[in-house]
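The values are calculated or read from the model by the stated rules, or taken from the named source; none is laboratory data. Source: prediction; values computed, not measured. Cβ: placed from backbone, ideal geometry, glycine included. Neighbour counts: every protein chain shown.
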Ligand SMILES: Cc1cc2nc3c(=O)[nH]c(=O)nc-3n(C[C@H](O)[C@H](O)[C@H](O)COP(=O)(O)O)c2cc1C
Ligand code: SF4
Ligand code: SF4
Ligand code: SF4
Ligand code: FES
Ligand code: FES
């Protein structure tokens, strides 16, 4: 090949390791939270400002790695000049905002949101939310006993705009049997509080697979594949990134689900070990959750700057060869 | 995007129905034959180009629904493929709207209104009779519907027939007989000449401005329109230019008629000043507030005025494209507006270079598909964009980030119908009509127990008593028990408030609101408990379900109202009322949108006035 054929020359090596572009620094914004002055970078949310001075603000639908959808409304605060409360997780600070985080109105709304969730969703595997509920002294019993669970797939057929008139004696819930349609993970929508996180993780915020979306309307809203197809027939690629962000355990590893059913799941016996996935060159960090010398689930730290806690099917579920023990 | 399309292939009929609205597929990507010239080995339509089709989703679903009565999986997947929409997302969109069904439906559906104005006129019996009559039919299905916007002719029904030649129409004062007639003859009362004359009791009176043409001129006749002052406003607008138009609208003091009463001029100014080359004008014709039917009367009776108003809004704001979002339950309005748009285009009052002025403005109709929440402005944008009709969090406001993320001017039908009049008269003179903060003339939707229900137009300042008198009072002369102002999202007032002036400030002073202009009258015989239970059920049905306070609050409110209804409160009635108050407060304080904020208002006001005893079924008097 002659010297003049330049087309095979490799591009010059970058002199720097590729990094995220620097965000320009704009002047900080000063706001007042419960009378205390706080200064945060422009573009921060009220939640960021609250965190900075250690105001502990409950959040459910918010997640550091996802676009805020501000639907749960548990993080609301009072902003002077606003008729209604505002969600701190998504509202950006503005100069001289006066914010109240502990007024009666704020406490009432937070309490009611938590109480509403307790009265309609199974939160038994969501200890943080239950903690918050205790802190805000909820009393879900006042809506009556929970109504009996729907039969399998019944809720998936509810038609928008038509519902059976309730007797009012019992509190309606989203209770229903879990959807177990594959060997990797289980969807137990009796525990789903419709935070939209899994949909975001499956969609443009991480995976871009779009296997699940919110279907139906109002209290009949639900997370669903098209026509409520079982997962193996859907677009799901089993990256498990939805499981990672689910705040209630509605989505869980089949291994965890089975152990919980058998009563053998015990987090106090579990260790967590970080390692690097060896399947491909991306090199995602894996956190192996091990109980009694068996991997029971795999997560990845959200703080990981590049992968933000996301994995693919191999890193997430491809561990059985490690423990291919005859039983 | 990497989208996996699953599911069955379309039948040829399904393919035809979809292609009829989307055009034939150009490439293999969109489900057609591979076109090697166009595509080669790359995907021609990926990425942002594919995403730009998303807004055709609802029109495509409508086409399939009109052909088959429901959305069969083959057609569904074909649509997803054509528009590059992930099937799960498209399924989420289709299941949001109650006129779309993903399960097999009979080809003809009769929707019987079960809302407030109709239930006091026997819609329950009508529904039962129709269900019995068609129990074994494989052709005809009977369904309950929220308010059909025909409250002046309660009880109302809407027939939607799917098939190769889909047809349908509304039936007022419905009986099993006239519904059956329409089903067999395929001719619908709303196509008859005198249809609108029933809706406007003041027909022909000289003081009418907004209703002046309704029932008189042919709705799509340009010459008839111009003979009565039509397009004079637009002509003036073209002559004076955007800045002066906005000044006239500001000077007029016009406030939005969609319910929120926002100053229209201020909104227009904000959109005109918003940055960016692309802006939109949207006309909100989703009118679904129970008790409201004024927009329907304007769309059916004088669509050109709305079109003229939109064109003026376009010139003022710098938008060249407008959308009018009409609720799916108004097939006649869709028809009339489309004809009026076509006629305007043909005569140069719309399109590029309007009357040689160099201004361009096009209008496209979008049909809703059964969702009250899509009247909320940001939910409406999402619906046009082919998404679930979920309201967005505000800020940002539509004037900055609206339809397709662009600055958007959105106004109600009646607001826009005022615009040509203002531009003809001059803002200052318009401001001379009405009272302190309420300028101009207002359309009131009077229904319920009155002798002549209908849309009434009067200058602002008329009192509740005068308006009810105008509508002939209660038919039997029976005393009035309560009046619902502003619809289901409004407030009940008692007969002691009859002297309240029906202005923005007058109603606010008594803790009520004018809302969309609903005045629904209930006489002494009314079972108010039944109505309150229905209002609770309405919000349970219509909440989009996005935010917890409204999604769960609406259902807890309904359960509680049911307990009061059957007289089995948990604890004392007093405890229930205070719990109801707590539910109301979180819905008002923490919900995302106006639906949640107002979902408890009517119930709270009624219980405040009448107490919990009004909830119980009236015991029929036993004669000794
Ligand atoms: C639940 C809900 C439903 C609404 N429905 C309608 C409607 O059907 N028509 C309408 O014009 N405005 C409706 N609105 C008000 C709109 O959000 C918006 O304020 C209005 O279209 C603005 O127009 P205007 O300024 O001309 O009033 C609704 C608001 C809410 C919260
Ligand atoms: S399944 Fe989990 S992540 Fe998904 S919406 Fe429900 S609670 Fe949220
Ligand atoms: S998790 Fe998947 S993407 Fe990450 S390193 Fe392992 S194989 Fe590669
Ligand atoms: S208030 Fe109700 S309708 Fe509005 S966003 Fe929340 S759930 Fe949806
Ligand atoms: S955490 Fe802010 S609304 Fe859910
Ligand atoms: S049409 Fe029945 S209440 Fe409006």
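Before moving on, here are some points about what is shown:
- Screening residue B:472 with (1) touching a strand residue (DSSP E or B) at 6+ places or on another chain (Cβ under 8 Å); (2) at pLDDT 95 or above; (3) not in a helix (DSSP H, G or I) gives one miss only, at (1).
- Matching residues in region B:342-354 - criterion: being assigned to a loop (DSSP other than H, G, I, E, B) and either within 16 Å of ligand 1 (Cβ to nearest atom) or surrounded by fewer than 24 Cβ atoms within 10 Å (Cβ to Cβ) (or both): B:347, B:348, B:352, B:353
- Sole exception among (1) away from ligand 6 (no atom under 16 Å from the Cβ); (2) assigned to a helix (DSSP H, G or I); (3) surrounded by 24 or more Cβ atoms within 10 Å (Cβ to Cβ); (4) touching a residue at least 60 places away in the same chain (Cβ under 8 Å) for residue B:535, by number: (1)
- Every residue from region A:204-227 that is touching a strand residue (DSSP E or B) at 6+ places or on another chain (Cβ under 8 Å) and more than 7 Å from chain B (Cβ to nearest Cβ): A:222, A:223
- Top-ranked residue of region A:308-321 - restricted to ones that are more than 7 Å from ligand 3 (Cβ to nearest atom) and either buried (at least 19 other Cβ atoms within 10 Å of the Cβ) or part of a loop (DSSP other than H, G, I, E, B) (or both), ranked as nearest to the other protein chains (Cβ to nearest Cβ): A:310
- Identity of the residue in region A:171-202, within 10 Å of ligand 2 (Cβ to nearest atom), farther than 17 Å from residue A:260 by Cα and not in a loop (DSSP other than H, G, I, E, B), that ends up nearest to the chain's Cα centre (by Cα): A:197
- Looking across region A:81-92, the residues that are away from ligand 2 (no atom under 16 Å from the Cβ) and either surrounded by 24 or more Cβ atoms within 10 Å (Cβ to Cβ) or not in a loop (DSSP other than H, G, I, E, B) (or both) come down to A:85, A:86, A:87, A:88, A:92.
- Pair list, Cβ under 6 Å, 6 or more apart: region B:573-593 residue farther than 14 Å from residue B:548 by Cβ, other residue assigned to a loop (DSSP other than H, G, I, E, B): B:576/B:569; B:584/B:600
- Scanning region B:355-388 for residues that are part of a loop (DSSP other than H, G, I, E, B) and within 16 Å of residue B:289 (Cα to Cα) yields B:368, B:369, B:370, B:371, B:376.
- All positions within region B:538-554 that are facing chain A (nearest Cβ under 8 Å) and assigned to a helix (DSSP H, G or I): B:540, B:541, B:542, B:548, B:549, B:551, B:552, B:553, B:554
- Residues of region A:93-105 satisfying the condition of being out of contact with any strand residue (DSSP E or B) (no Cβ under 6 Å at 6 or more places or on another chain) and either in a loop (DSSP other than H, G, I, E, B) or within 14 Å of ligand 5 (Cβ to nearest atom) (or both): A:94, A:96, A:102
- Qualifying residue in region A:268-288 (condition: out of contact with any strand residue (DSSP E or B) (no Cβ under 8 Å at 6 or more places or on another chain) and either closer than 30 Å to residue A:177 by Cα or within 16 Å of ligand 4 (Cβ to nearest atom) (or both)): yes
- Residue within region B:605-624 that is in contact with a strand residue (DSSP E or B) (Cβ under 6 Å, 6 or more places away or on another chain), within 8 Å of another protein chain (Cβ to nearest Cβ) and at pLDDT 95 or above present: no
- Lone qualifier among A:90, A:82, A:103 - being closer than 18 Å to residue A:195 by Cβ and within 14 Å of another protein chain (Cβ to nearest Cβ): A:90
- Filter result (within 14 Å of chain B (Cβ to nearest Cβ), part of a helix (DSSP H, G or I) and surrounded by fewer than 20 Cβ atoms within 10 Å (Cβ to Cβ)) within region A:115-141: A:140, A:141
- Screening the candidates A:73, A:13 for the property of being assigned to a loop (DSSP other than H, G, I, E, B) and at pLDDT 95 or above yields one hit, A:73.
- Qualifying residues in region B:130-170 (those that are surrounded by fewer than 15 Cβ atoms within 10 Å (Cβ to Cβ) and in contact (Cβ under 8 Å) with a residue 60 or more places away in the chain) - the one nearest to ligand 4 (Cβ to nearest atom): B:163
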